[in-house]
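> Have a look at this one before I ask anything.
The values are calculated or read from the model by the stated rules, or taken from the named source; none is laboratory data. Remember, predicted model here, so these are calculated numbers, not experimental data. All Cβ positions, even for glycine, are placed from backbone atoms using ideal geometry, and neighbour counts span all protein chains on display.
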Amino acid sequence: MIDAPPWPTHHENVHFYGTHSVGIDGELAQLDADGYRPLRLPDAPDAGS
């Protein structure tokens, strides 16, 4: 018999407690025209050089 791999649907040990507040207006403001948010902000150029 082959053991099944632990796929993401295997969730018996995952427990979610509490809440997480999200500012909807702030999150929506980060979206571009296509509805995507950049994963990283571009590095700011160094002002000292």
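> Show the residue pairs that are 6+ apart or on different chains and have beta-carbon atoms under 7 Å apart, the first residue being within region 13-40 and without any contact (Cβ under 8 Å) to a residue 60 or more places away in the chain, the second being surrounded by 10 or more Cβ atoms within 10 Å (Cβ to Cβ) and hydrophobic (A, V, I, L, M, F, W, C).
Partner pairs satisfying both residue conditions: Arg37/Leu31.
> Same structure, new question: What number of residues within region 1-35 satisfy the criterion of being surrounded by 10 or more Cβ atoms within 10 Å (Cβ to Cβ), of a type outside the set (S, T, N, Q) and at pLDDT 70 or above?
Count: 3.
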